[in-house]
Each structure stands twice: as C-alpha cells, then as structure tokens.
Amino acid sequence: MTSTAPTGTTASIPDPAQAQRRILRVLVASQVLSGAGLAAGVTVGALLAQDMLGSTSLAGVPSALFTAGSALAAVAVGRISQARGRRPGLTAGYLTGALGSAGVIAAAVADDPVLLFIALFVYGAGTATNLQARYAGADLAADGHRARAVSTVLVATTLGGVAGPNLAAPTGDFAETLGVPHLAGPFILSGLAYALAALVLALRMRPDPLLLARALAESKDTGAAAGPTTAADGADTRDGSGGVVLGALVMVLTQLVMVAIMTMTPVHMHDHGHGTAASGLVIAVHIGAMYLPSPLTGWLADRYGRMKIAAASGITLLASGILAASAPGDSVALLALALALLGLGWNFGLVSGTAIITDTVPLATRAKTQGLIDVSIALAGATGGMASGIMVAATSYPALALAGGVLSLALLPAVAATAYRR
C-alpha cells in the first residue's frame, strides 16, 4: 500500500459509487464558477489587446498567451495531481488563474502591454485547470461509462460559460465606476470566479478521486485495474500507444481550429460595427454549444464508440468553417450558428478524445500523461490564437474560417487508419 492510499484495509475504503456521486456534484459546482471565469476573459481578451496595441494583427496574442500559459499549467497541475491527488492540483491551478486575472486588471489600469502579456500567460492556468477537471470526473467512473462521466463535468461549465460573456458589458460598466478600463471589467469576474472554484474544491472534494481509485486498485491487487480497456469497456482502441496518439490528435486538432476561429470572431464583428453585447451573445452561444451537448455526446461515445464521434467532430467543424466564411458580416444570427457548430465540433472531439485517453492510459501514470497531453492541446490553441490574427490581417476572416474547416478533415483519415489497425 502506497502513502497515497487513504487507508490500509478494504473495509475502510469509501464506496466508489457513492464517492463518485459526491465528487461529480463538487466538480459541477466548481465548473459552473470556472466556466464564468474562462468565458469572460475569452470574450474581451482580443479586444483589449487591440485597444491597447492599436493593431488587428496582434489581436490574437492574448489567446496565444493564455493558451501557452495553460500549457505550462497543464504540466504543473498534472504533476501535482499525480503526486498528491486531484484536489491540490486543481485548487492550485484555479488560484493561479485568479492571480492572472488580477494582473490583467492592473495592466489595463497602467496601460502596460508588457504586464498585460505576462498576466495573460498566468491567466491561462485557469483554462488548463478547467479542462483538467474533466479527468477527475472519470477517475472513479465504471467501465463503459467514462465518456458520460466526462460529459457531466463538461456540461456544468455551460451555465458559467454562457453567463460570463453576457456579463461583459455590465462588468465593464462596473469597472469604469472603479476607474478601471471598460474592457478589463470581465477579468474582475474571472478572478472572483476562479478563486471561488478553488475554494469549493479545496473544501469539498473529499475523498480525492484519483487517490481513491489507486486505493481501490491496490485493494484488488490489480495494478493494471485502469489500464487498456477490453471490449466490455466500449472503447474503440485495443493498442495502448495507438489510443494515446489518436486521442491526443483528436483533441489537438479540434482545439487548434476552434481557438483560431473563435478568437477572431469578436474582432470580425467589431470591424462590422457590432458592439460588445453582440459579440458577447455570439460567444455565449459558442460556449453553450461547447458544453451543453456533453451528456448526449457522452452517451453516444459510450454507446456507439469513440471513433465515430471523433469522425463526426471533423465533419461538424468543416460545416462551421464554411458557414462562418460565407456569413455576411452584419448577420449576428448566422455567425452565432457558425460558432454554435464550432463549439459542437469541439465538444465531439474533446469528449471522444478524453474517453480514448482515459480508457488507454494505466492508472499508475494517468494524471501525468493526461497533463502532458493537455500541454499539446494548449500549444495547439496557442498556435491557433497567434496565427489567427496574422492570417486575418494578411487575408480575411472568411479565409481563416474556411482554412480551419478544411484542416479539421484531417481527423477522418486518422480515425480510419486507427480502425484499420484494430
């Protein structure tokens, strides 16, 4: 029995089904809060940089910075979780995101672009932690139900994710009464939301799901209890390394395409005369589509297989790119529909990819491996965010959207190749 196990006897180990229900309730509460923190910052990050720097070509820098910051945070959260459990890892990540939010506000008040970039990098820890929380929901999930457990955590982000962008204008007005620039207002909400999410996890996530999963595995004397799944697990993969590669590729590609198009949509709308409220509405629809369909996606992935949902992700993202490219700049409705499809395609990719990874990676190295994979996801987001501003400045928003849609089709041969090797 290792030091991470909560007890030394099977009888004293908590019932996993009961513990799973409690853990999911705590994760739901924390995700509602962190979703508001994440979405509020995403809504105005590009606009704040554009306002401070006076350049559209650099409007993608904030997204690139906080996704790059999330890459470093993903490693840290994964390593802390591996060594000490999910609770300290997730709590530390959200507190770091709150610190970054405070830094953004200070940078806006001081009109200091260098401080803004540093703060946005730190702020990215909240993004990484928000995503890492989905793994905690699957640690104790029964075989064949992992995708649904992941989806339960993801859907909880919807409430905060939809509320956050729609609070952009009111929090901006509130910020001005405090002498803070209007566009920095949503980061006040972000900082508070991340701090509260950390508090909920620190106080209520007991027992720790990862530590309990280890204790259960050891009590059964099956060191590979959470290793590669069998046919009964409902997974699409049989080869461990193949599962890791496929799961990572699905999530990396969907993240790159989603971040690129999402980042420049508020800028595109601003250039066509739309205000913060309109862009906030479109982003709210997008965030809702990213998370709200999760229960259905999880059920479909458990019922029909992960790879079918991964393929559906590529097709949905293509449809989003085509619609965003062809939608008139003055049509809020069509842009909202395009961003809804973008969010749905991302949801398909994240749920299926996460389930593949959780099915495949052994429990002994699960948190560390998940953290490293999320680094790749974050770097893909950083690449998409940085390249999006440059591409729009050099070509146009429709060209960016169409390119993203076409790129997403690379998922189809990857899924087909994995299926052929089975």
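Just one of the listed residues (VAL351, VAL361, VAL375) is at pLDDT below 85 and either within 20 Å of ARG86 (Cα to Cα) or within 15 Å of the chain's Cα centre (by Cα) (or both), namely VAL361.
Inclusion of TYR123 among residues that are within 19 Å of LEU48 (Cα to Cα), under 14 Å from the mean Cα position of the chain (by Cα) and assigned to a helix (DSSP H, G or I) is warranted. Taking the range 266-368 as the region of interest, the helices (runs of 4 or more DSSP H) fully inside it that hold 3 or more residues being of a type in the set (Val, Ile, Thr) and either in contact with a Gly (Cβ under 8 Å, 6 or more places away or on another chain) or in contact (Cβ under 8 Å) with a residue 12 or more places away in the chain (or both) are 276-291, 306-326, 332-360. Looking at the range 109-130, which of its residues are surrounded by fewer than 24 Cβ atoms within 10 Å (Cβ to Cβ) and in contact (Cβ under 8 Å) with a residue 24 or more places away in the chain? Residues satisfying the conditions are VAL109, ASP111, PRO113, PHE117, PHE121, VAL122. Among all residues of the range 168-179, there is none that is over 30 Å from MET52 (Cα atoms), small (Gly, Ala, Ser) and in contact (Cβ under 8 Å) with a residue 60 or more places away in the chain.
Here's the yes/no breakdown for (1) under 23 Å from THR276 (Cα atoms); (2) touching an Asp or Glu at 6+ places or on another chain (Cβ under 9 Å):
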position: SER320; (1), (2): yes, no
position: ALA325; (1), (2): yes, no
position: ALA340; (1), (2): yes, no
position: PHE348; (1), (2): no, no
position: LEU363; (1), (2): no, yes
position: ILE373; (1), (2): no, no
position: SER376; (1), (2): no, no
position: ALA393; (1), (2): yes, no
position: SER396; (1), (2): yes, no
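Can you find a residue in the range 164-175 that is under 20 Å from the mean Cα position of the chain (by Cα), at pLDDT below 85 and β-branched (Val, Ile, Thr)? No; the residues of the range 164-175 include none that is under 20 Å from the mean Cα position of the chain (by Cα), at pLDDT below 85 and β-branched (Val, Ile, Thr).
Residues that are of a type outside the set (A, V, I, L, M, F, W, C) and part of a helix (DSSP H, G or I) were ranked within the range 196-211; the one that is nearest to ARG146 (Cα to Cα) is PRO209. Only one of the numbered conditions (1) modelled with pLDDT under 85; (2) closer than 27 Å to ALA49 by Cβ; (3) not in a helix (DSSP H, G or I) is not met by ASP143, and that is (2). Of the conditions (1) under 23 Å from the mean Cα position of the chain (by Cα); (2) small (Gly, Ala, Ser); (3) not in a helix (DSSP H, G or I), ALA193 satisfies every one except a single condition; which number is it? Of the numbered conditions (1) under 23 Å from the mean Cα position of the chain (by Cα); (2) small (Gly, Ala, Ser); (3) not in a helix (DSSP H, G or I), the odd one out for ALA193 is (3). Yes or no: the range 332-344 includes at least one residue that is at pLDDT below 90, of a type in the set (Val, Ile, Thr) and more than 16 Å from the chain's Cα centre (by Cα). Yes: one or more hits. Every residue in the range 126-146 that is over 11 Å from the mean Cα position of the chain (by Cα), within 22 Å of LYS368 (Cβ to Cβ) and of a type in the set (A, V, I, L, M, F, W, C), please. Those that are over 11 Å from the mean Cα position of the chain (by Cα), within 22 Å of LYS368 (Cβ to Cβ) and of a type in the set (A, V, I, L, M, F, W, C): ALA136, ALA138, LEU140, ALA141. Candidates are the residues of the range 212-232 that are surrounded by fewer than 19 Cβ atoms within 10 Å (Cβ to Cβ) and in a helix (DSSP H, G or I); the one that is modelled with the highest pLDDT is SER219. Just to verify a result, which residue in the range 46-95, among those that are surrounded by 19 or more Cβ atoms within 10 Å (Cβ to Cβ) and assigned to a loop (DSSP other than H, G, I, E, B), is modelled with the highest pLDDT? Looking at residues that are surrounded by 19 or more Cβ atoms within 10 Å (Cβ to Cβ) and assigned to a loop (DSSP other than H, G, I, E, B), I get GLY85.
Yes or no: the range 187-207 includes at least one residue that is modelled with pLDDT under 65 and crowded, with 24+ Cβ neighbours inside 10 Å. Steps first, answer last, please.
Filtering the range 187-207 down to residues modelled with pLDDT under 65 leaves none.
No.
Taking the range 297-310 as the range and being surrounded by fewer than 21 Cβ atoms within 10 Å (Cβ to Cβ) and farther than 12 Å from THR152 by Cβ as the test, the residues that pass are ARG303, TYR304, GLY305, LYS308. A residue that is β-branched (Val, Ile, Thr) and over 21 Å from SER388 (Cα atoms) occurs nowhere in the range 60-67.
The values are calculated or read from the model by the stated rules, or taken from the named source; none is laboratory data. Keep in mind the model is a prediction, meaning the values are calculated, not measured. Glycine gets a Cβ as well: all are built from the backbone with ideal geometry, and neighbour counts include every protein chain shown.
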